[in-house]
Amino acid sequence: KKTKEADLKAFLAWYSRQRPYFTEASPWSYFEQMIRFHCQVWPDKKASDGLVDEAVAYIRGASWAEADKQKKYLWLSDSLRDARDILGARAMLAALKDRHLAAWKDHELTGRYEGKWKEAAAILVALEKLEDEGWTKKARRARADIYRLHLGKYAEAIKLYHEIAEPPGTLWCIQECYRRGGKTKEAHMTLIEIASMFPPEAPRAVHTEAEYYRADGESKKAIALYRQILKKWPGVSESSRAHQRLEEYGIATGGGVNNED
């Protein structure tokens, strides 16, 4: 550890002395490498704050196209976010002219990095109201996922997934909401719907249903579905898992079987 720290200090000192060369050729490259170093390799908030201030001043005075400047602000925000400097990351978002993108990134900071999922969902609601079809769709899906995965608002999530209506993906999310919300019958019915409407998804749907029965202590129903998988889809990964489950139940799986055995 001491050796590594000494090497990092030596490299930083050497790299800092190269700044005059970057100033002549590519000033931004120096900022980019040094900020990445202080944010990711050897975190130093004081050093990164000073460099970010310089970088922002440089961006403002540069003769770049506005689109290039916006990319740099976004890169700075992501770099500070990865260094867990949430306030700094959010300050960079304020420089973005694309308010849809700024709101999206802010919801990520608020939810994923601050753990404030209720507030993140509220940001997405505001984003949906900015009347951009692409962003509205993306925000609605993200909000449904937040309700499902983080807030336990399963009824609201199901409503949104129905509005999004992109099966089979949304149906998988709906069955999970039913399961998490204690609506066992509805979860099974949705899995049956997936299996019947989307044949490539059928082995996974049947296996998931079997796993639910197994977890709920309904071994007879679980065994019947595991056997169904072995019979109908012998070459899929779910078949291997069904084989293991049947062995756990002490059931021989050689030869043909059917659900009534």
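The values are calculated or read from the model by the stated rules, or taken from the named source; none is laboratory data. What you see is a predicted model, and the numbers here were worked out from it, not measured in a lab. When we count neighbours, we look across all protein chains shown, and the Cβ atoms used for this are built from the backbone with ideal geometry, even at glycine. Accessible surface is based on the protein model in full, side chains and every heavy atom, while ligands, DNA and RNA are left aside. Shrake-Rupley method; radii C 1.70, N 1.55, O 1.52, S 1.80 Å.
Rounded to the nearest 500, the 222 nm mean residue ellipticity of the chain from helices alone is -22500 deg cm²/dmol, with -39,500 (n - 2.57) taken per DSSP H run of at least 4 residues. Rolling a 1.4 angstrom probe over the protein heavy atoms with all chains in place gives the chain an accessible area of 57 Å² per residue. For A13 and D53, a Förster radius of 35 Å and the Cβ-Cβ distance give a FRET efficiency of 0.95, rounded to the nearest 0.05.
Backbone phi angles across the range 57-64, fed through the Karplus curve with coefficients 6.51, -1.76 and 1.60 (θ = phi - 60°), yield HN-Hα couplings of 4, 5, 4, 4, x, 6, 8, 5 Hz in residue order; Gly and Pro are listed as x. Per-residue 3J(HN,Hα) values for the range 167-181, derived from phi via the Karplus relation 6.51 cos²θ - 1.76 cosθ + 1.60 with θ = phi - 60°, read x, x, x, 5, 5, 4, 5, 5, 5, 5, 4, 4, 4, 5, x Hz in sequence order (x marks Gly and Pro). In this label model, M197 and S237 are separated by 2.4 nm, measuring between points 7 Å along each Cα→Cβ vector. Local charge for H100 was computed over the other residues whose Cβ lies under 15 Å away, with Lys and Arg +1 and Asp and Glu -1, and equals +2.
Based on the alpha-carbon gyration tensor of the range 33-138 and its eigenvalue square roots a ≥ b ≥ c, which shape applies: rounded if a/c is under 1.5, prolate if not and a/b is larger than b/c, or oblate?
oblate
Cross-link partners for K71 among the aspartates and glutamates, with Cα-Cα distance under 14 Å and sequence neighbours closer than 8 places in the same chain left out: E32, D98. Spin-label model, A91 to R180: label points 7 Å out along the Cα-to-beta-carbon direction sit 3.5 nm apart.
For K2 and A155, the FRET efficiency from 1/(1 + (r/R0)^6), where r spans their Cβ atoms and R0 equals 51 Å, is about 0.35. Only protein atoms count toward the accessible area here, which uses a 1.4 Å probe; on the chain, the carbon and sulfur part of that area reaches 52 percent.
Mind checking the full-extension length gain between D68 and E166? Use 0.36 nm per residue of separation minus the Cα-Cα distance, one decimal, nm. List each step's numbers first, then the result.
Working: separation 98, 0.36 × 98 = 35.28 nm, distance 3.47 nm.
So the chain would gain 31.8 nm between D68 and E166.
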